[in-house]
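Here's the structure we're looking at; comments come further down.
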Amino acid sequence: MSLVPTFATAPSFLGAPWQAPDAAPAAFTVAGIPLDIGTTNRAGARSGPTAIRQASRMLVDGAHPTRWTDPQDWPLVDAGDFRIALGDIEGSLALIERQAAAIPHLVALGGEHGITLPLLRALSKRLGAPLALVHFDAHVDTWADNFGQVYGHGSVFFHAIREGVVDARRMIQVGIRSPVQRDVWDWTLAQGVTVLSGQEVQAMGIEAVSRRIHAVIGDRPAYLSFDIDALDPAFAPGTGTPEIGGLASWQAQAILRRLDGIDFRGMDIVEVAPAFDTAEITALAAATIAWEYLAMVAARSAG
């Protein structure tokens with residue numbers, strides 16, 4: 001346990017040391033990506049990284065209660081926030097990809113979901129192969145464009161599939177439930193994507209959903225992308241496009257705790273919009289998702 005009171009924890013994620021500009025890469029790096037100009041409803045996710053870092057102070061008082069690994073022992077640094085090109089989506093995506101390329105294992109704090117595309121591009125190039133993908137969301141995010149925005153936050157996986165940076169047959173979406181055009185839905189399934197709706201997750205239960213994720217991903221290098229609106233608005237009101245009928249925070253947490261064995265190489269948590277939050281519950285949920293992920297990969301790294 002830290003000797004520093006929770007309220008006095010350093011303002012980095014989990015109080016991790018800030019990464020010096022000339023420092024060698026750490027095993028795990030957290031970075032904020034304050035981009036939200038591709039949103040289509042409520043903006044404000046640019047403030048997500050700061051809110052998630054602040055809420056993460058609640059998670060530094062001891063070890064993870066099932067993995068028994070302490071954040072203070074993780075080889076983790078906080079690299080601060082990535083640079084973006086103000087008002088320029090494509091310019092921002094290019095900048096994000098370049099900054100992510102040098103980081104061995106990145107945990108990104110969004111920002112809108114559009115940040116995932118350059119992160120997938122960078123990681124796929126580094127590995128030389130398409131990635132498997134575990135995607136928690138209320139939305140399929142496979143629109144060819146969002147209201148005329150080619151790179152809006154609802155088009156990220158359309159581009160990722162078309163560009164071959166993810167293998168659609170090794171991609172599973174969990175919690176989907178928003179309105180969607182039939183042609184978008186049919187295109188997504190035709191690519192080989194496995195889609196579990198919010199109601200299917202509720203009906204199947206935690207163990208069955210976890211087994212399905214393992215079966216789809218297999219032993220391929222994988223990426224985790226978690227849109228906070230996968231959670232029901234009762235558990236995550238602070239987001240831009242809330243949809244009722246989502247997962248409870250405990251359900252998402254329980255599923256994540258059963259994903260050991262998947263070869264995750266990076267993750268992001270996106271779409272936290274603090275201006276619409278209540279008592280930091282959305283930011284805390286997002287911080288906890290990243291904490292769960294880091295506890296899992298840190299335990300794996302430690303053998």
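Bear in mind these aren't lab numbers, they're just calculated from the coordinates by the rules spelled out. The structure presented is a predicted model; accordingly, all values stated were derived computationally and were not measured. When we count neighbours, we look across all protein chains shown, and the Cβ atoms used for this are built from the backbone with ideal geometry, even at glycine.
Spherically averaged projected area of the convex hull of Cα atoms, the chain: 14.3 nm². Evaluated with a Cβ-only charge set (Lys, Arg +1; Asp, Glu -1), region 79-132 carries a dipole of roughly 260 debye about its Cα centre, given to the nearest 20. Residues whose amide H comes within less than 5 Å of that of Phe264, counting only those at least five positions distant or on another chain, are Ala222 (H built at 1.01 Å from N in the peptide plane). Counting only DSSP H runs of at least 4 residues, each contributing -39500 (n - 2.57), and dividing by the residue count of the chain, the helix-based mean residue ellipticity at 222 nm comes to -9500 deg cm²/dmol.
Report the Rg/Rh value for region 111-268, based on alpha-carbon coordinates and the Kirkwood definition of Rh.
Computed over Cα atoms, the ratio is 0.93.
Computed over region 6-301, relative contact order equals 22 percent, with contacts defined as Cα pairs under 8 Å that lie 6+ residues apart. By the beta-carbon count within 10 Å of each Cβ, the least crowded to most crowded order of Val195, Val150, fewest first, is Val150, Val195. By other beta-carbon atoms within 10 Å, ranking Val107, Val270 with the fewest at the front produces Val107, Val270.
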